[in-house]
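Visitor: I have a structure here, written as structure tokens, and I will follow up with some questions on it.
Coordinate-derived values only; no laboratory data. Everything numeric here is computed off the predicted structure, so don't read it as measured data. Because the Cβ atoms are built from the backbone with ideal geometry, glycine has one as well, and the counts that use them run over all protein chains shown.
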Amino acid sequence: MFNGFTKTGIQFLKDLAANNNKEWFELNRQIYEKNLLTPLRQLVSDLQLPLKSMDAEIETSPAINKTISKIYRDTRFSADKSPFRTEQWISFKRPTKIWGNVPEFYFYFTPEKYGYGVGFYSATPQNMEKIRSYILAYPEKFEPIIASYNTQNLFIPGGENYKRPVTNSLPEKFQEWFQKKSLYLGCEKDIDTVFFSVNLKDTLENAFAENARLYHFWLEAIL
């Protein structure tokens, strides 16, 4: 059962940033496994049933490369050759051959902040075009979904806009959701007492449930 992350785990990430090499990591691997990997697995396990109730086809295995991020970085195409990540995340999505091309529920943290929400890591232009077409075809279905976010200030739409606006006949309230190359809805917080407690699991479960309608709208659009 997930009981919260530890200050030891956060300190490990800070120390890793200052000692980002294989020798240091191997000397401290047990700290990583006990204070980061184990609670990540516990958190995923505790969220399995709620996520499966939202989407029976979503991947919820508490395993690295399934729902849990690797600690190792892929440096083949990066100018930064640091071998290890100093942030961690989990994501729940349907299996896909193209990474980031389906909507997902996500949670991440760095030594200073954590965040969670729903969205695409890196949607293809084809899928974003499908979403725009779906919004145009069913604006009456999309409008109440986005209207529900007008009464809160926790989850904020994000993603890079196109340099040239996509021409359409929709009202202004749709445009923030229509002009993105990729799209997510999320929040970010400073590391706080919730992060170190069992309450984090409930926070994520409630957040994912709150954003389930948007997740399913996106799924319907691209399938």
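Visitor: For a quick check of your reading of the model, give me the residue pairs whose first member lies in segment 30-43 and is at negative phi and among the hydroxyl-bearing types (Ser, Thr, Tyr), whose second is surrounded by fewer than 18 Cβ atoms within 10 Å (Cβ to Cβ) and outside any helix (DSSP H, G or I), with beta-carbon atoms closer than 8 Å and at least 6 apart or on different chains.
Guide: Every condition considered, no pair remains.
Visitor: Moving on. Identify all residues within segment 89-108 that are in contact with a strand residue (DSSP E or B) (Cβ under 6 Å, 6 or more places away or on another chain) and either of a type outside the set (Asp, Glu) or outside any strand (DSSP E or B) (or both); write none if there are none.
Guide: Step one: list which residues in segment 89-108 are in contact with a strand residue (DSSP E or B) (Cβ under 6 Å, 6 or more places away or on another chain), which gives 89-93, 104-108.
Matches in segment 89-108: Trp89, Ile90, Ser91, Phe92, Lys93, Phe105, Tyr106, Phe107, Tyr108.
Visitor: Filtering segment 130-145 down to residues that are of a type in the set (A, V, I, L, M, F, W, C) and touching a residue at least 40 places away in the same chain (Cβ under 8 Å), which residue is nearest to Leu204 (Cα to Cα)?
Guide: The selected residue is Ile145.
Visitor: Is it the case, given these coordinates, that Phe109 is more than 21 Å from Thr6 (Cβ to Cβ), of a type outside the set (D, E, K, R) and either surrounded by 14 or more Cβ atoms within 10 Å (Cβ to Cβ) or under 13 Å from the mean Cα position of the chain (by Cα) (or both)? Walk me through it before giving the result.
Guide: Details: more than 21 Å from Thr6 (Cβ to Cβ): no; of a type outside the set (D, E, K, R): yes; either surrounded by 14 or more Cβ atoms within 10 Å (Cβ to Cβ) or under 13 Å from the mean Cα position of the chain (by Cα) (or both): yes.
No: the conditions fail for Phe109.
Visitor: May I pose another question? Only one of (1) surrounded by 15 or more Cβ atoms within 10 Å (Cβ to Cβ); (2) over 14 Å from the mean Cα position of the chain (by Cα); (3) charged (D, E, K, R) is not met by Glu104, so which one is it?
Guide: (2)
Visitor: Within segment 113-129, identify whether any single residue is in contact (Cβ under 8 Å) with a residue 60 or more places away in the chain and either basic (Lys, Arg) or over 25 Å from Leu51 (Cβ atoms) (or both), and answer yes or no.
Guide: Initial filter on segment 113-129 (in contact (Cβ under 8 Å) with a residue 60 or more places away in the chain): 113-123, 127.
The next check asks that each one be either basic (Lys, Arg) or over 25 Å from Leu51 (Cβ atoms) (or both); those that pass are 113.
Yes, segment 113-129 contains at least one residue that is in contact (Cβ under 8 Å) with a residue 60 or more places away in the chain and either basic (Lys, Arg) or over 25 Å from Leu51 (Cβ atoms) (or both).
Visitor: Going by the conditions given, is Ile145 closer than 21 Å to Pro103 by Cα and in contact with a Lys or Arg (Cβ under 8 Å, 6 or more places away or on another chain)? Give the steps one after another, and end with the answer.
Guide: On the way: closer than 21 Å to Pro103 by Cα: yes; in contact with a Lys or Arg (Cβ under 8 Å, 6 or more places away or on another chain): yes.
When the stated conditions are applied, Ile145 passes them.
Visitor: With under 21 Å from Tyr106 (Cβ atoms) and exposed (fewer than 13 other Cβ atoms within 10 Å of the Cβ) as the only criterion, which of Asp80, Asp46, Asp74 stands out? Reasoning before the result, please.
Guide: Values: Asp80 fails: under 21 Å from Tyr106 (Cβ atoms); Asp46 fails: exposed (fewer than 13 other Cβ atoms within 10 Å of the Cβ).
None of the others qualify; the one that does is Asp74.
Visitor: Please specify each residue of segment 12-23 satisfying the condition of being free of Cβ contacts under 8 Å to residues at least 40 places away in the same chain and either within 18 Å of Pro111 (Cα to Cα) or not in a helix (DSSP H, G or I) (or both). Talk me through it step by step, then tell me what you get.
Guide: If we filter segment 12-23 for residues that are free of Cβ contacts under 8 Å to residues at least 40 places away in the same chain, which is where we start, we get 12, 15, 18-19, 23.
Passing the criteria: Phe12, Asp15, Ala18, Asn19.
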